[in-house]
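**Student:** Questions regarding the structure given below will be posed in turn.
All of the numbers you see were taken from the coordinates with simple rules; none came from a lab. From a predicted model like this one, the values you see are computed outputs, not experimental measurements. All Cβ positions, even for glycine, are placed from backbone atoms using ideal geometry, and neighbour counts span all protein chains on display.
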Amino acid sequence: MVIRNVSLETVCGITSQIPEHEIPEFAFAGKSNVGKSSLINGLMLRKSLARTSAQPGKTQTINFYNINNECYFVDLPGYGYAKAGEEVKAQWGKMIENYLHTSKQLQIVFLLVDIRHEPSGNDKLMYKWILDQGFSPVIIATKLDKINRSQVAKHVKMIKEGLQTVKGTIVIPYSAQTKQGREEIYELLDTYLET
Ligand code: GTP
Ligand code: MG
């Protein structure tokens, strides 16, 4: 995949209509602060088009990034953001569910988990939910730079076991700092793109 032009095309809040597209969409889900927006920036070769923050709860809308008029990257709000009220949490959940349920062009749902930690209850729920919607989630284990190289295989195993991944599930360790893992993600996206 060669990035030529990227733009934030649509921002969907709780009451917005989700846009319908004719080209493939790739969505990025995961708990708040796991690195969804950072990963999207890395894939877009941009430093800060997708807004990131050390404070969880930065992305509170569904953001559609148009990539070369070839596909969309969809930045989903993070779940498990403790400071959000119950009502807001429920609304985000509905918004994400509605998107996964109605998008006709959604090809891959990437589920991001922090490579350092055992998947949380919400991660497990999200994984199941994505499966139930008929997708084969691709797991991205983020913040690869935070662990020792010798620990990677062990942590990948811990994540697979924690999520009880189905056979054949792909887990790609990724670092937003070193961009390790990016080529593997591009290769996967390429299999859905025409050029
Ligand atoms: P929400 O929008 O709140 O759901 O968070 P998000 O999943 O979009 O996370 P975001 O990309 O904003 O990153 C959260 C924090 O983690 C930021 O301070 C990032 O710089 C940091 N971060 C993200 N990815 C990595 C990584 O691979 N390595 C390191 N060291 N830090 C990372
Ligand atoms: Mg974000």
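**Student:** Report whether or not residue 15 is out of contact with any His (no Cβ under 7 Å at 6 or more places or on another chain) and within 16 Å of ligand 1 (Cβ to nearest atom).
**Tutor:** Values: out of contact with any His (no Cβ under 7 Å at 6 or more places or on another chain): yes; within 16 Å of ligand 1 (Cβ to nearest atom): no.
Considered against the rule, which asks whether it is out of contact with any His (no Cβ under 7 Å at 6 or more places or on another chain) and within 16 Å of ligand 1 (Cβ to nearest atom), residue 15 comes out as no.
**Student:** Tell me whether the stretch 150-162 contains one or more residues that are part of a loop (DSSP other than H, G, I, E, B), hydrophobic (A, V, I, L, M, F, W, C) and in contact with a helix residue (DSSP H, G or I) (Cβ under 9 Å, 6 or more places away or on another chain). First the steps, then the outcome.
**Tutor:** Step one: of the stretch 150-162, the residues part of a loop (DSSP other than H, G, I, E, B) are none.
Taking every residue of the stretch 150-162 in turn, none turns out to be part of a loop (DSSP other than H, G, I, E, B), hydrophobic (A, V, I, L, M, F, W, C) and in contact with a helix residue (DSSP H, G or I) (Cβ under 9 Å, 6 or more places away or on another chain).
**Student:** Taking the criterion of being in a helix (DSSP H, G or I) and in contact with a Lys or Arg (Cβ under 7 Å, 6 or more places away or on another chain), would at least one residue in the stretch 136-147 satisfy it? It would help to see each step written out before you state the result.
**Tutor:** Our first condition is that a residue be in a helix (DSSP H, G or I); within the stretch 136-147, this holds for 144-146.
Pick out the ones that are also in contact with a Lys or Arg (Cβ under 7 Å, 6 or more places away or on another chain) and you get 146.
Yes - at least one qualifying residue is present in the stretch 136-147.
**Student:** Restricting attention to the stretch 123-145, which residues are polar (S, T, N, Q) and surrounded by 16 or more Cβ atoms within 10 Å (Cβ to Cβ)? Walk me through how you get there before you give the answer.
**Tutor:** First, pick out the residues of the stretch 123-145 that are polar (S, T, N, Q): 133, 136, 142.
Correct list: 142 only.
**Student:** Also, quick follow-up: Are any of the residues in the stretch 172-194 assigned to a helix (DSSP H, G or I), of a type in the set (Val, Ile, Thr) and farther than 20 Å from residue 117 by Cβ? Don't jump to the end; show me each part of the working.
**Tutor:** In the first step, residues of the stretch 172-194 are kept if they are assigned to a helix (DSSP H, G or I); the result is 182-190.
Checking which are of a type in the set (Val, Ile, Thr) leaves us with 185.
Next, only the ones that are farther than 20 Å from residue 117 by Cβ stay: 185.
Yes: one or more hits.
**Student:** Among what's in the stretch 57-72 and is surrounded by fewer than 17 Cβ atoms within 10 Å (Cβ to Cβ) and more than 17 Å from residue 90 (Cα to Cα), pick the residue that is nearest to ligand 1 (Cβ to nearest atom). Break it down stepwise before answering.
**Tutor:** Initially, the stretch 57-72 is screened for residues surrounded by fewer than 17 Cβ atoms within 10 Å (Cβ to Cβ), giving 61, 68-69.
Then keep just the ones that are more than 17 Å from residue 90 (Cα to Cα); that gives 68-69.
Numbers: 68: 22, 69: 24 Å.
Selected residue: 68.
**Student:** Right, here's the next one. Pull up the stretch 73-87, narrow it to residues that are assigned to a loop (DSSP other than H, G, I, E, B) and surrounded by 17 or more Cβ atoms within 10 Å (Cβ to Cβ), then point me to the one that is nearest to ligand 1 (Cβ to nearest atom). Before you say what the answer is, go through the steps one by one.
**Tutor:** So the first thing to find is which residues in the stretch 73-87 are assigned to a loop (DSSP other than H, G, I, E, B), and the list is 76-78, 80-85.
From the residues that got through so far, the ones that are surrounded by 17 or more Cβ atoms within 10 Å (Cβ to Cβ) too are 76-78, 80-81, 84.
Details: 76: 8, 77: 6, 78: 2, 80: 9, 81: 6, 84: 10 Å.
Once the filter is applied, the top-ranked residue is 78.
**Student:** So which residues in the stretch 18-56 are within 18 Å of residue 111 (Cα to Cα), within 12 Å of ligand 1 (Cβ to nearest atom) and assigned to a loop (DSSP other than H, G, I, E, B)?
**Tutor:** 32, 33, 34, 35, 50, 52, 56
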